Every structure is written in structure tokens, then in C-alpha cells.
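The values are calculated or read from the model by the stated rules, or taken from the named source; none is laboratory data. No experiment lies behind these values; they were computed from the predicted model shown. FYI the Cβ positions are ideal-geometry reconstructions off the backbone, even for glycines, and counts take in every protein chain you see. Accessible surface is based on the protein model in full, side chains and every heavy atom, while ligands, DNA and RNA are left aside. Shrake-Rupley method; radii C 1.70, N 1.55, O 1.52, S 1.80 Å.
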Amino acid sequence: MDTHDAPASRAPRDALTDVPGLRVGHAQRTGDGWLTGTTVVLAPENGGVAGVDARGGAPGTRETDALDPRNVVERIHAVVLSGGSAFGLDAASGVMAWLEEQGRGVRVGPDPSQVVPVVPAAVIFDLGRGGDWGARPDANLGRRAVEEAAASAPGAAVAEGCVGAGTGAVVGGLKGGIGTASAMLPSGAVVGALVVLNAAGSATDPATGVLYGELTGGIPHVPPEDEHAEAEMLLAEAQEETGRRAAGSLRPPLNTTLAVVATDASLTRPQAQRLAGSAHDGLARAVRPIHLMHDGDTVFALSTEDRRLAEGEFNDVLAAGADVVTRAVVKAVRAAEGVDGPGGVFPSYRDLYGEAPSPPAPYTEDSPEDCPAD
């Protein structure tokens, strides 16, 4: 069998930090009207090649035009994911200040300290979910997140669930959050993803309680009529109460899911942009519907250029990128903890469904009793 036909396997941490050279830091505030945070993906000191693809109808971003392969920026130094809607883009200022202090950035003058760090950023909408509309990430929170990333050991585990930019995230009325996953290709190249799951759509099949990202295909499972009736009722009650608490906001639901997908395989800037686009397939498998007008779904792609890309391997990187994004969405849902606060009631997946309804088994020729009638 050709090595490019072999499936990818999970990398050791099953996290974005399995990509050598990448570090992740979270900072968040909760309580007293706060429910928001910031996450920073810190590139190696010499930066990384990057691309971006925004497909939602309401993106909130910074420095994304610089990543267009037609433009001058060759490398980036960090990616900022943040709560706070457009206000939360201020978190990137704190990250830039820290990077400048370290002398990390594009050198623009004769003195080595004269650098301009390139820090693309994107935000989710979580305003008011902790109660206080003005409680949003700022430059200080961004600095805290990048300092945590810098202080972490190489290959460190990444906290998941209601941390960092995922602190105030929700998905289809359930609590969302941070999820991360990674895979190792047969060549040894690593592809990883980190997702901030905050979607207007749902990650859960309401009829079965199964996460879309875990569905295996085959004949749909038709549960007894009342199998998940209680869970559906509890979710409906939570959504009604959340609507009551947010009744004065005079706005439609606003969301946005963000992701960073990265690899140590050496990519060109157009290839990085293609990887960001393919990673959206992973979101589409795990959230339904996705890319709505009030989502700002944005994916960044990053290459640390540690490993030469083998002939024909780029397709493997694209496929693995979508796969790890799907798994990161599933892990975000499973890691989240429910919230009942001034800004709304958002139960967790575990609150409603327990540990895990099993995905339906795929149909095979060995199960003729399940075969649909001709």
C-alpha cells in the first residue's frame, strides 16, 4: 500500500501543541458579570507561514488581509482568538506589545529592537453572556494569554472546555468552548487544530443525542419516541430562559466559530490558504448549519516549516486538517461545563445527555436483519 493511502494516527497529546514549535496560552475572567477570555497561539521565534479563510457572514478580524499571498507579509508571529466581539480585537495589542519587547517581529529599522510583530486575530460574539455588556477582553488579557503560552513547556497539554476564548462560547443553546486535536501522517508530519466553538448551529443530533462529528454513517438510528424527550425539554427551557434574560438586547443571535489548523510540513503561502479552506470542511461535518449570516466563521492555517513536504503529501495534510477540526469540535462540546448566569442558561452536553450516546452503527453486509426493504 502506498504510504499516502495509509490513515493518519493520533499524535501524542492529541493537541495543537503536537506541532513542534507551537505553544498555546489561555486567559479568562469569570464571575462579577464576566464570562469571556482570550487564547493565543504563539509561533516559533522566527514566525510561521500562514493563511486564512473566513466564510461566515459576520467576521470580526484583524490583519487578515496581510495574509493574502499577493501581499507582502511572509510570516506571522502569533494568532489571537478572543471573545468580546469587535471590542475583543484589542487583545491583540497586548500580544504585539509583548512580542515587541522580545524583539520578535518583522525588522523595520537598523536596531534589532525595531520590529513590527504580525498578529492576525479573530473574535467570537459573547457580549453580555456573563451579564455585563462591557466585560470584554482587552490588551492586558491578551498579554496574560501570550505570557502563559511563552511559559508553557514545548508540547504541553492544552486546556479544553470553558477556557480562554471559549469561556463564553455556546453552540446551538448548549455550552461551547475550546477543543483541540492532532494527527500524525505516515510520513511523520503532524497536523493539529484548535477550535473555539461558538456556533448558531448545533453540534448535536436532537433525535439521538449523538454529536454530528461522531456520526459514522449507515442506517439512521430511530430511537424510541421518548428516549431524549427530557433532554430536548430541558434544552428548550434553557433557551426560553436565555431569551428572557436577553430580551432587551434587540438583536438576532450572533455567534462565530474560530479555528487554527497547523502543521510542521513546509507550506507555501497559497498552500496555507488552501489548508485553511479545507479545514472548513471539518466544521461543516460537525456543526449544522454552519457559515450563517450571523456567524463569522474564520480559520487560520499555520506552517512551522520544520519538515519538507513529501511528493503528493499535501493532499494528506488537507484531509487531516479537516479531520482534526471535526474532532476538536467534538472535544470542545464534551469538555464544556454548563453555565447559569445573568446572561443566560447554557447547559453542557453532559448535563443533557450524560457521557455519550453511541453513534449509530454503520450498515454492513453482515447485518441483513437491518437491511431496508427494497
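Computed quantities for the displayed model
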quantity	calculated
Candidate set: region 53-79, residues that are more than 18 Å from Ala279 (Cβ to Cβ) and not in a loop (DSSP other than H, G, I, E, B); chosen: the one nearest to the chain's Cα centre (by Cα)	Ala78
Subset of region 5-47 [assigned to a strand (DSSP E or B), among the hydrophobic types (A, V, I, L, M, F, W, C) and closer than 13 Å to Ala78 by Cα]	Val24, Val40, Val41, Leu42
Members of region 315-329 found to be open to solvent by less than 40 Å² (accessible area, probe 1.4 Å) and among the hydrophobic types (A, V, I, L, M, F, W, C), listed by number	Val317, Leu318, Ala320, Ala322, Val324, Val325, Ala328, Val329
Within region 252-268, considering residues that are open to solvent by less than 30 Å² (accessible area, probe 1.4 Å) and touching an Asp or Glu at 6+ places or on another chain (Cβ under 8 Å), the one farthest from Ser182 (Cα to Cα)	Asn255
Residues within region 84-107 that are within 14 Å of Val119 (Cα to Cα), within 19 Å of the chain's Cα centre (by Cα) and surrounded by fewer than 24 Cβ atoms within 10 Å (Cβ to Cβ), tallied	1
All positions within region 285-295 that are open to solvent by less than 70 Å² (accessible area, probe 1.4 Å) and either assigned to a strand (DSSP E or B) or touching a helix residue (DSSP H, G or I) at 6+ places or on another chain (Cβ under 9 Å) (or both)	Ala286, Val287, Ile290, His291
Residues (crowded, with 23+ Cβ neighbours inside 10 Å, in contact with a helix residue (DSSP H, G or I) (Cβ under 9 Å, 6 or more places away or on another chain) and farther than 14 Å from Val40 by Cβ) located in region 130-150	Arg136
Residues of region 296-312 that turn out to be among the hydrophobic types (A, V, I, L, M, F, W, C) and either open to solvent by 70 Å² or more (accessible area, probe 1.4 Å) or within 19 Å of the chain's Cα centre (by Cα) (or both), as a count	4
Of residues in region 330-362 being farther than 23 Å from Ala284 by Cα and open to solvent by 50 Å² or more (accessible area, probe 1.4 Å), the one modelled with the highest pLDDT	Glu337
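This table checks each residue for (1) in contact with a His (Cβ under 8 Å, 6 or more places away or on another chain); (2) among the hydrophobic types (A, V, I, L, M, F, W, C).
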site: Val123; (1), (2): no, yes
site: Ala145; (1), (2): yes, yes
site: Gly164; (1), (2): yes, no
site: Gly173; (1), (2): no, no
site: Ile178; (1), (2): yes, yes
site: Ala181; (1), (2): no, yes
